[in-house]
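Some notes on the structure that comes next.
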Amino acid sequence: MIFESIRASMLSRLRLQNMAKQVRSESTAQDPAGRQRELMAKGLPKKKPILGVKQILLVASGKGGVGKTTTSVNLAVALKTLSPHREIGLLDADVFGPSVPLMMNLQSESPLLTEDNLMKPLINYGVKCISMGNLITEKSAAIWRGLMVMQALNKLTREVAWGPVDYLIVDTPPGTGDTHLSLVQNFPIAGALLVTTPQSAALQVTRRGLTMFEKLKIPVAGLVENMSCVVCPNCHHTTQLFGDKVKAFAKTHSLNILAKIPLDPSVTNSSDEGTPITVQQPDSELAKAYLKLAAQVESFLADRASENPT
């Protein structure tokens, strides 16, 4: 029995490696420019739901380093905590710098395959996860063109046994690029959540992200303001380091600030340890902030579902 289990695991890993190779070979075997012209001539692809997934929420940021993945991870866990009866999925769509496996303590795991050759999502803290970081080695670097990114996204969505999933949280790469366009063009997206910090540089690129979603007609649920303030551990006095820039930004663009997350080393430490702060310190103010965010996201998705009944 043990040897059969080992053999099955080895076969699964070999199949997954072949999948990753197929992504590269399928994309490099064709002329990228010619293929792009061919796709444009056909027009935009028809959006098809991911099998077994009810609603998709994109988590985005204009730049890196603002806590987007930390938000994605803690939001997913908070949604599961808030509604244990719901199935929550977390897709790491950052194929160039996947960090969900580390934050979800899944970096040493590889997904098994079903009889239909679909990948089984890895599960931790009650959340179903899939990431390119679980398909390639830690030292590997994904140096891919735009079409290869599209192929990789197809593997992580169409070739995964997701179902049933009520809410699929998608951690997108920073910025605005091929990944966002591919997701929006190929899948029915319920909405997007923008993560920013109070600095002017971060808000400037957040505006670009907002413009992108407006042009693509994707509703924006609201803003998450990370590093909004510092809380004294002794007297609990709150100090705003960068003023009310996010508040002014939200007012200008008619957006709601769904959560204000303080700058706290424990968030970084818990992420590095593979234990989201919502799990490690469930009674903390930080965890409560993410639970509040989850409640508002759930309300937003419920409204979207009523507007677009299936």
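Computed from the coordinates by the stated procedures, all read-outs in this text should not be read as laboratory data. Treat the numbers as computed from the prediction; the structure is a model and nothing was measured. Because the Cβ atoms are built from the backbone with ideal geometry, glycine has one as well, and the counts that use them run over all protein chains shown.
Using the beta-carbon distance between Thr114 and Asn234 and R0 = 45 Å, what value does 1/(1 + (r/R0)^6) give for FRET efficiency, to the nearest 0.05?
Efficiency, from the Cβ-Cβ distance: 0.25.
What's the extension gain from Asn105 to Lys47 if we count 0.36 nm per residue and subtract their Cα-Cα distance? It would help to have the intermediate numbers written out before the result.
Details: separation 58, 0.36 × 58 = 20.88 nm, distance 3.26 nm.
Gain on extension, Asn105 to Lys47, equals 17.6 nm.
Got a sec? How would Lys120, Lys217 order by Cβ neighbour count within 10 Å, fewest to most?
Least to most surrounded, the residues fall as Lys217, Lys120.
So what's the net charge close to Glu214: Lys and Arg +1, Asp and Glu -1, counting the other residues with Cβ under 14 Å from its Cβ? Numbers along the way, then the final one.
Values: positive: Arg207, Arg208, Lys215, Lys217; negative: none.
For residues surrounding Glu214, the net value is +4.
From the alpha carbon gyration tensor of the stretch 132-264, can you work out the equivalent ellipsoid semi-axes (sqrt of 5 times each eigenvalue) and give them in Å, largest to smallest? Walk me through the intermediate numbers first.
Details: eigenvalues 198, 72, 45 Å².
Each semi-axis is the square root of five times an eigenvalue, giving 31, 19, 15 Å.
Report, in debye and to the nearest 20, how large the dipole of the stretch 79-119 comes out about its Cα centre when Lys and Arg carry +1 and Asp and Glu carry -1 on their Cβ. Before the final figure, lay out each step's value.
Details: 2 positive and 6 negative charges, 51 e Å.
With only Lys, Arg, Asp and Glu charged at Cβ, the dipole is about 240 debye.
Run the count for the stretch 87-230, please: Lys pairs, Cα-Cα under 22 angstrom, 8 or more apart or on different chains.
On the way: Lys120/Lys128; Lys120/Lys155; Lys128/Lys155; Lys139/Lys155.
For the stretch 87-230, the number of qualifying lysine pairs is 4.
For the stretch 201-281, what is the charge dipole size about the Cα centre, in debye to the nearest 20, if Lys and Arg each add +1 at the Cβ and Asp and Glu each add -1 at the Cβ? Before the final figure, lay out the partial values.
Values: 8 positive and 6 negative charges, 114 e Å.
Roughly 540 debye for the stretch 201-281.
How much length is gained on full extension from Asp272 to Ser83, taking 0.36 nm per residue of separation minus their Cα-Cα distance? It would help to have the intermediate numbers written out before the result.
Values: separation 189, 0.36 × 189 = 68.04 nm, distance 2.59 nm.
Stretched fully, the Asp272-Ser83 segment lengthens by 65.5 nm.
In nm, give the distance between the simple-model label positions of Gln199 and Asn154, each being 7 Å from the Cα along the Cα-to-Cβ direction.
3.8 nm
Residues with beta-carbon under 9 Å from that of Val195, excluding Val195: net charge, scoring Lys, Arg +1 and Asp, Glu -1? Mind showing how you got there, number by number?
Numbers: positive: Lys68; negative: Glu225.
Taking every other residue near Val195 into account, the sum is 0.
Stretched out fully, how many nm does the piece from Lys247 to Arg208 gain, at 0.36 nm a residue minus the Cα gap? Don't skip to the answer; put the middle values down first.
On the way: separation 39, 0.36 × 39 = 14.04 nm, distance 1.72 nm.
Extra length from Lys247 to Arg208 when fully extended: 12.3 nm.
Could you please report the charge total around Ala250, scoring K, R as +1 and D, E as -1 over all other residues with beta-carbon less than 13 angstrom from its beta-carbon?
On the way: positive: Arg207, Lys245, Lys247, Lys251, Lys260; negative: Glu225, Asp244.
Here the count lands on +3.
Among Asn234, Ala250, Ser266, whose Cα projects farthest towards the positive end of the dipole of the stretch 233-284, with charges put on the beta-carbon of Lys, Arg (+1) and Asp, Glu (-1)?
Projecting each Cα onto the dipole axis, the largest value belongs to Ala250.
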